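Any read-out appearing in this document is the output of simple, stated calculations on the displayed coordinates, not a laboratory observation. This structure is a prediction, so every number in the text was calculated from the model and none was measured. Every residue, glycine among them, receives a Cβ derived from its backbone with ideal geometry; neighbour counts consider all protein chains shown.
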Amino acid sequence: MPMPTYCRPLPILAGTALFSCGATPALAQAAKIDAADTAWMIVATALVLMMTLPGLALFYAGMVRKKNVLATMAQSLAALVICSLLWVVIGYSLTFTGEGPLIGTMDRFMLTGMTMDSAHALAKTIPEALFMIYQMTFAIITVALVSGSVAERMRFSAFVWFCVGWLLLVYVPVAHWVWGGGFLGAAGVLDFAGGLVVHLNCGVAGLVAAYMLGSRRGYGTENLAPYNLALAVIGTGLLWVGWFGFNGGSALGANSRAVFALVSTHLAACAGALAWMFLEWWTRGKPSVLGMISGAIAGLGTITPASGFVLPWHGIVIGLIAGAVCFWACTKLKQMLGYDDSLDVFGVHGVGGLTGTLLTGVFATAAISASADAPGGLPGLLEGNSNQLLMQAYGIAVTILWSGGVTWLLLKVISLMVPLRVSQQQEIEGLDISQHGEALQ
């Protein structure tokens, strides 16, 4: 359905209205708080926070060697506390206030002006403070995800600086462009819950960081087998359940769209795990537990940008594609490009986010994308709108260029202050002891 010339798209994350015609969304307005929406979003916020700690911390810790388990968990914890404080001070304001095409304003610096009665224009039925902290949890896990690419070799002090710089210079601008009124959202790029903002963004950053730090000592020649896959399986379960808040919560209300997002999310995870399992069974003779949980995470990441726009059976198709594409990326592509992405952040999240963003342009269904305020919705290629696929590719290109370029520059600057990588002796000893003075017994 062609968009009227006097209308511009709002970030689809809102789940309330797809277009704003003539009026400019206010930063805050008199709220008509809905108890059901508020209750669901409180739960969704808790679920997404759980994805980082303990979910991601356990998932990553189970896939490194015993001497690096605590250091890997420490990176998730550091990302959580640093990003939370920075988000309140300046991140939220720069992302979700104003309508500048490139960046927001300082109107909510230190949450100035936020009251118990205020609501953001993108989430009119919940308190603005709840919208703020829900979005905070997305920023936290995106930064924490990058740590998987440089696990077992990045100096902790360098990672702390990376958390600060990457949140403000990479995550905040991209989130504003897509969700906060920036130029990608205005152009019509669809990203329901973070295919661009979270998964492609962190995946590209992880790839750049892996190249810049170099391979782990013994990569390709020594046994770098995971310490405890049971921890990784538990982490997968926590991530899987948390994703219901990640995608279902992105409807920003207790409504049918949230339920459809939740259903497609679960089906995509199941299909992704199944696809990876059978491909590994076929190519290697045995289906590994690591492969099954990797396929589930691939399905979850790939459905994320499409989850609020597609039918349940689309989730199955997207999950099957995700399992196959990400399996190829983590085996063949990784070998071809010769990088050591310790925990396959690029292969699973980067490639999954890219694939899911493109598939959003294929499967987006007008009946699901519509709301009471905008019944027309935005269809994808299957419903005759080929332009949407081009818009998705445009969003992908912008995200890759910005995330890759700024991550490279940021790490170069950090390397002038502190070494990015631990010494060879510290790597042999293990990061638990060398960086934190602790070790598992």
Inset, instruction - Can you check what the net charge comes to around residue 440, using other residues whose Cβ is under 9 Å from the Cβ of residue 440 (Lys, Arg +1; Asp, Glu -1)? - result: 0
Inset, instruction - Count the net charge of all other residues whose Cβ sits under 15 Å from the Cβ of residue 349, scoring Lys and Arg as +1 and Asp and Glu as -1. - result: -2
Inset, instruction - Just order 388-394, 78-84 by mean Cβ neighbour count inside 10 Å, highest at the front, would you? - result: 78-84, 388-394
Inset, instruction - Between beta-carbons, use under 12 Å as the cut-off and find the net charge around residue 113, counting Lys and Arg +1, Asp and Glu -1. - result: -2
Inset, instruction - In nm, give the distance between the simple-model label positions of residue 160 and residue 409, each being 7 Å from the Cα along the Cα-to-Cβ direction. - result: 2.6 nm
Legend entry - Acute angle (nearest 10 degrees) that the helix 256-284 long axis makes with the longest principal axis of the chain, alpha-carbon atoms: 30 degrees
Inset, instruction - On a C-alpha basis, how far is the centre of region 305-370 from the centre of region 199-224 in Å? Whole number, if you could? - result: 20 Å
Legend entry - Simple Cβ-charge dipole of region 67-174, Lys/Arg +1 and Asp/Glu -1, about Cα centre, in debye nearest 20: 420 debye
Inset, instruction - Report, in deg cm²/dmol and to the nearest 500, the calculated mean residue ellipticity at 222 nm for the chain, where each DSSP H run with n ≥ 4 adds -39500 (n - 2.57) and the sum is divided by the residue count. - result: -17000 deg cm²/dmol
Legend entry - Segments 110-119, 187-196, 233-242 sorted - mean Cβ within 10 Å per residue, highest first: 187-196, 233-242, 110-119
Legend entry - Computed over the chain: relative contact order in percent, which uses C-alpha pairs under 8 Å that are six or more apart: 23 percent
Inset, instruction - For P(r) over Cα pairs in 20 Å bins from 0, in percent, several values are listed as (1) 28, 55, 17, 0; (2) 25, 57, 18, 0; (3) 28, 59, 13, 0; flag the one computed from this structure. - result: (3)
Legend entry - Folded to 0 to 90 degrees: helix 386-417 orientation relative to the chain principal axis, Cα: 50 degrees
Inset, instruction - Working from Cα positions, state the angle (0 to 90°, nearest 10) between the long axis of helix 128-146 and the longest principal axis of the chain. - result: 30 degrees
Legend entry - Amide H contacts of residue 118 (H built 1.01 Å from N, under 5 Å, at least 5 apart or other chain): 128
Legend entry - Size of charge dipole - the chain - debye, nearest 20, with Cβ of Lys, Arg +1 and Asp, Glu -1, no other charges: 660 debye
